[in-house]
1. Leaving out ligands and nucleic acids, note down the accessible area per residue over the chain with a 1.4 angstrom probe, in whole Å².
2. I need to check one value: relative contact order of the range 302-382, counting alpha carbon pairs closer than 8 Å and at least 6 residues apart, in percent.
3. Can you list the residues, at least 5 places off or on another chain, whose amide H is less than 5 Å from the amide H of Arg281, using H built in the peptide plane?
4. Which is farthest toward the positive dipole end of the chain among Val173, Trp38, Val230, measuring Cα position about the Cα centre, with Cβ charges +1 (Lys, Arg) and -1 (Asp, Glu)?
5. Which of Ala125, Leu371, Ser334 sits farthest toward the positive end of the charge dipole of the chain, with +1 on the Cβ of Lys and Arg and -1 on the Cβ of Asp and Glu?
6. Taking only DSSP H segments of four or more residues, each worth -39500 (n - 2.57), what value at 222 nm results for the chain once the sum is divided by all its residues, to the nearest 500 deg cm²/dmol?
7. Taking the full set of protein chains and a 1.4 angstrom probe, give the accessible area of Phe369 in square angstrom, rounded to the nearest 10.
8. Suppose accessible area is computed on protein heavy atoms with a 1.4 Å probe; arrange Arg374, Arg119, Arg391, Arg213 from highest to lowest.
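The values are calculated or read from the model by the stated rules, or taken from the named source; none is laboratory data. Everything quoted here is computed from the prediction, not taken from an experiment. Heads up, the Cβs are rebuilt from the backbone with ideal geometry, glycines too, and the neighbour counts pull from every protein chain shown. Just the protein is used for accessible areas: all its heavy atoms, side chains included, with ligands, DNA and RNA removed. Shrake-Rupley method; radii C 1.70, N 1.55, O 1.52, S 1.80 Å.
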Amino acid sequence: MSVLLDSLAAGFAGDATRRAALDDVLRDGLPGPRTEAWKYTSLRALERRSFAAAEAVALDPAVLAAIPAPRLVFVNGSFDDTASDLSGLPAGVELLPVARALRESRPRDTNFLQRRYPRADEPFARLNAALATDGAILRVDDDVDAGAPIHLVLVGAPQATDAAWHLRHFIEVRRGARLALVEHHLAAGAHAHLANALAHVHVAAGARLYHVRLQDDAGGATAFLRTDAVLARDAAYERVDLELGAGLSRHELNVRLEGEGAALTAAGVLLGDGRRHVDTRLGIEHIARDTRCALRWRGIAGQRARVVFHGGITIRAGADGSEADLSNKNLLLSSDAEIDTQPVLEIHADEVKAAHGATVGQLDPVALFYLRSRGIDADDARRLLTAAFCREVVAGIADEATRALAEAALTRALARLGA
């Protein structure tokens, strides 16, 4: 058993079903470099680390000053009632912590916790299934427009020992409903904790979800994040992901287009500075006819960072008329940085439109020369081009206040990169 798994299993107090999930990952251990899904992300250093249970930490209100209500806040994996603010939550929208639903014995609200993960290359989903006891439940009733964005805030704060926590979220947008959700992963100071979060997203027939996720955790943090989404007939899911923080971060976005006419539009920025390791893995499945996905990701690696991107699209038999498009463009700013990209497209249906492409390159010397010829010095020219390369993604955020939050986070991250 690894030191990591030993420390995470210590003090386990779940039921027999959860114990079985924990035993599965303890038996199989963590995947190594020969496991295809982890080929470019080594867990060797993490495997030797030990994490204690998270402690209750008082949060400085200034950390949340820029994040409006309604918001649900978790600090080091624990719900913070004082920092949360549900004012302005409209009728027909329910937002509460999972722990409360468990205390109130609401099995219909918590049955998503019963999902298990059989594959050995899903160790952190397995750990989450065994160890998560809190998270957010967000539900929008039929034909309700939730209005202004709702904020889910996950804060890592310093404590005496490195800590680990596991959160499980359930987001349900029912038939014909509308929801805008902004998910924040941020730090209230330097720390080296491990966060393991898993979100289940259900978008019902004719519903629409707009989801922005800003991951800007501490430079020493480790973050394993996973989103499993299911889209019904004519459902629309639009999201933007900014991966800007943490020393080691991995996000898995899995979307099943199960209903005819379902559509996914997703874009993201992966930004590596220092010695950061940034890993994003997409698994998009077209299952029904006439489904669509448009995926646009930008990666930047500078200094000694490593950026990993896997874009997998599968068009199943019977998903005729589907359209899929994947673009992954990457920018190397240092000879010591590394970018690994894997666009994958599998087609098992007829009459489809599908394309994928990936590029890795450096700043365009012609564009640099153009800016220099206009009197801009070399460093400023590089910064302008680097910022323009990734700001296109942020510019697509429709809500003005959310776009401002994203632009501020991106500006801070580019400053760390020297761009």
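1. The answer is 41 Å² per residue.
2. Answer for the range 302-382 is 34 percent.
3. Amide H to amide H, under 5 Å and 5 or more residues apart or across chains, Arg281 pairs with His251, Glu252, Leu253, His310.
4. It is Trp38.
5. The listed residue farthest towards the positive side: Ser334.
6. -6000 deg cm²/dmol
7. Ignoring ligands and nucleic acids, Phe369 comes out at about 150 Å².
8. Solvent-accessible surface, decreasing: Arg374, Arg119, Arg391, Arg213.
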